[in-house]
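The structure appears below as structure tokens.
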Amino acid sequence: MGTRILDFRFGLIDLEGVIFNPGILYRREFGRFLQGRYNISAKEALVFYQAHEALPLEGKFDRLLAQHGRPPGETAEAVTAFRTSVAASRPVVSEGARELLEILVSREAQLFALSEAESRIADVKIQEVELRNFFGHMIGTEHAPRGRGQIAFCGDVVGLPLEAFAGQSFVLASSPEDVVAARELGFYSIGIAHLFPEDALKAHGAHEVYRHIAYLSLHLRHA
């Protein structure tokens, strides 16, 4: 597969879904959380999580808690508490993410991190894993809502009209919604299938799709 990622001056990158690996983080914290809160073996919880990977998070909690005699009404509270716990945890950096950022910055790309949190929170997370220096701009939810809002806002940051900015930019996205938003605004979209199947990202119009960010990094290393 060829890639046009090096053709662009600006890069807009999904922080939580691309740079960080939520799948590994969720699996790691699931066992710890259930053992600490419900005295369910962390090993049992991890085996359950992996065996039911396709279930949404609510479904995982609902089924496992029921197996241990907990009432159905506890699921919503447990999921909320778990998400809070995960949000406070040290993020897991996706394999290949650092290398990709190094390559892009070495080619003088200006990078934006798009976050599902406020910038101050995202800033702490990315400094924790020593990646902050790669990004010129941190765009959190206080600037604009996720998806279309944040993508369009980046053009304002550098003082370019949206159409001109889009023509010089790629969006590295992890969700079908972000792929659609990027395409509708005229951006070159690259889907990273950490959270959604490759076919889903392709079906929603991604120009390129990679199963993992490490595959894109490897491709660029040998380009």
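Restricting Glu142, Glu99 to residues that are in contact with a Lys or Arg (Cβ under 9 Å, 6 or more places away or on another chain) and free of Cβ contacts under 8 Å to residues at least 40 places away in the same chain narrows the list to Glu142. The helices (runs of 4 or more DSSP H) found wholly in the range 164-223 and carrying at least 2 residues that are of a type in the set (D, E, K, R) and in contact with a strand residue (DSSP E or B) (Cβ under 6 Å, 6 or more places away or on another chain) occupy 198-203. Only residues that are surrounded by fewer than 19 Cβ atoms within 10 Å (Cβ to Cβ) and of a type outside the set (Ser, Thr, Tyr) were counted in the range 30-61, giving 20.
In the range 107-118, the residue that is surrounded by the fewest Cβ atoms within 10 Å (Cβ to Cβ) out of those that are under 15 Å from the mean Cα position of the chain (by Cα) and of a type in the set (Gly, Ala, Ser) is Ala117.
Checked against the criterion of being β-branched (Val, Ile, Thr), assigned to a helix (DSSP H, G or I) and either more than 25 Å from His212 (Cβ to Cβ) or without any contact (Cβ under 8 Å) to a residue 12 or more places away in the chain (or both), the range 152-163 has at least one qualifying residue. Within the range 180-189, identify whether any single residue is touching a residue at least 40 places away in the same chain (Cβ under 8 Å) and either among the polar types (S, T, N, Q) or over 25 Å from Glu108 (Cα atoms) (or both), and answer yes or no. No, every residue in the range 180-189 fails to be touching a residue at least 40 places away in the same chain (Cβ under 8 Å) and either among the polar types (S, T, N, Q) or over 25 Å from Glu108 (Cα atoms) (or both). Checking each residue in the range 55-81 for being under 28 Å from Ile19 (Cβ atoms) and either over 18 Å from the mean Cα position of the chain (by Cα) or in the same structural domain as Gln127 (by TED's automatic domain parsing) (or both) picks out Leu55, Glu58, Gly59, Lys60, Phe61, Ala78, Val79, Thr80, Ala81.
Of everything in the range 104-121 that is assigned to a helix (DSSP H, G or I) and among the hydrophobic types (A, V, I, L, M, F, W, C), the residue that is nearest to Leu15 (Cα to Cα) is Ile121.
Please verify whether Val47 is more than 28 Å from Glu128 (Cβ to Cβ), part of a helix (DSSP H, G or I) and either hydroxyl-bearing (Ser, Thr, Tyr) or free of Cβ contacts under 8 Å to residues at least 60 places away in the same chain (or both), treating the condition exactly as stated. It is true that Val47 is more than 28 Å from Glu128 (Cβ to Cβ), part of a helix (DSSP H, G or I) and either hydroxyl-bearing (Ser, Thr, Tyr) or free of Cβ contacts under 8 Å to residues at least 60 places away in the same chain (or both). In the range 122-137, is there at least one residue being closer than 19 Å to Tyr215 by Cβ, more than 15 Å from the chain's Cα centre (by Cα) and in a helix (DSSP H, G or I)? Scanning the range 122-137, I find no residue that is closer than 19 Å to Tyr215 by Cβ, more than 15 Å from the chain's Cα centre (by Cα) and in a helix (DSSP H, G or I), so the answer is no. Only one of the numbered conditions (1) without any contact (Cβ under 8 Å) to a residue 40 or more places away in the chain; (2) of a type in the set (Gly, Ala, Ser); (3) in contact with a helix residue (DSSP H, G or I) (Cβ under 8 Å, 6 or more places away or on another chain) is violated by Ala113, and that is (1).
Could you pull out the residue among Gly23, Gly11, Gly36 that is part of a helix (DSSP H, G or I) and either free of Cβ contacts under 8 Å to residues at least 24 places away in the same chain or in contact with a Leu (Cβ under 6 Å, 6 or more places away or on another chain) (or both)?
Working: Gly23 fails: either free of Cβ contacts under 8 Å to residues at least 24 places away in the same chain or in contact with a Leu (Cβ under 6 Å, 6 or more places away or on another chain) (or both); Gly11 fails: part of a helix (DSSP H, G or I).
So the residue among Gly23, Gly11, Gly36 that is part of a helix (DSSP H, G or I) and either free of Cβ contacts under 8 Å to residues at least 24 places away in the same chain or in contact with a Leu (Cβ under 6 Å, 6 or more places away or on another chain) (or both) is Gly36.
Taking each residue of the range 52-65 that is free of Cβ contacts under 8 Å to residues at least 24 places away in the same chain and looking for partners that are surrounded by 13 or more Cβ atoms within 10 Å (Cβ to Cβ) and part of a loop (DSSP other than H, G, I, E, B) with beta-carbon atoms closer than 8 Å, six or more apart or interchain, yields Gly59/His52; Arg63/His52; Arg63/Leu55.
The values are calculated or read from the model by the stated rules, or taken from the named source; none is laboratory data. The structure presented is a predicted model; accordingly, all values stated were derived computationally and were not measured. Every residue, glycine as well, gets a Cβ built from its backbone with ideal geometry; the counts of neighbours run over all protein chains shown.
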